[in-house]
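Shown next, in structure tokens, is the structure this report addresses.
The values are calculated or read from the model by the stated rules, or taken from the named source; none is laboratory data. None of these values were measured; they are calculated from a predicted model. Neighbour counts are summed over all protein chains in view; Cβ atoms, including those assigned to glycine, are modelled from backbone coordinates with ideal geometry.
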């Protein structure tokens, strides 16, 4: 039997890593972060326990990579959803979809996203990984399509606003309604409520603090 080619081995490693990431998302979403062990993840993925150490330094790094993968896959699906935005207002529709995608994860996967935000705020901080970089590129390109004159500056602001909104949705004992947070973000960027995937009618508010902020310039 001839040995496998380098490309075949690389594909097998990619699939093995993705199974571990998917198993992590599933188990933490079901049980929570602390109740999920690396052994549980390996069993769900059908992998050897030692294989996790080959790809990831530890549980926290594995978990953050898994959530970032879920986020960039969810965002990519939302941005590519037909009908594809065209014309001068395409960037506004794409930004609306991006906001809705992230808020949707907070709504639909609260256990997972709460554990993710808690991990980022702990001592380990923000883990830089391939999955996070893919998410960053999607958000950066969305800001550029929206019309930002300086995406390198405006992308971190969008990321911070989205993270703050996710925390507000998931805050134990005092969660904010997603519709109100969406209205704040849409007001900040001058987006019409009907863009993206509206969660019903817009909240009836007068001027909000975010609407008083200067909006990013939109290039024609």
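Can you pull out the helices (runs of 4 or more DSSP H) entirely within the stretch 1-64 that have at least 2 residues that are at pLDDT 95 or above and in contact with a helix residue (DSSP H, G or I) (Cβ under 9 Å, 6 or more places away or on another chain)?
Working: elements: 6-31, 38-45, 49-55.
Per the criteria, 6-31, 38-45.
Do we have residue 67 as assigned by TED's automatic domain parsing to the domain that holds residue 180, in contact with a helix residue (DSSP H, G or I) (Cβ under 9 Å, 6 or more places away or on another chain) and either closer than 22 Å to residue 191 by Cα or not in a loop (DSSP other than H, G, I, E, B) (or both) here? Give the derivation first.
Values: assigned by TED's automatic domain parsing to the domain that holds residue 180: yes; in contact with a helix residue (DSSP H, G or I) (Cβ under 9 Å, 6 or more places away or on another chain): yes; either closer than 22 Å to residue 191 by Cα or not in a loop (DSSP other than H, G, I, E, B) (or both): yes.
Here the answer is yes, as residue 67 does meet what is asked.
Just to check your reading of the model, which residue among 127, 169, 218 is over 29 Å from residue 28 (Cβ atoms) and either modelled with pLDDT of 95 or more or not in a helix (DSSP H, G or I) (or both)? Reasoning before the result, please.
Values: 127 fails: over 29 Å from residue 28 (Cβ atoms); 169 fails: over 29 Å from residue 28 (Cβ atoms).
Testing whether each residue is over 29 Å from residue 28 (Cβ atoms) and either modelled with pLDDT of 95 or more or not in a helix (DSSP H, G or I) (or both) leaves just 218.
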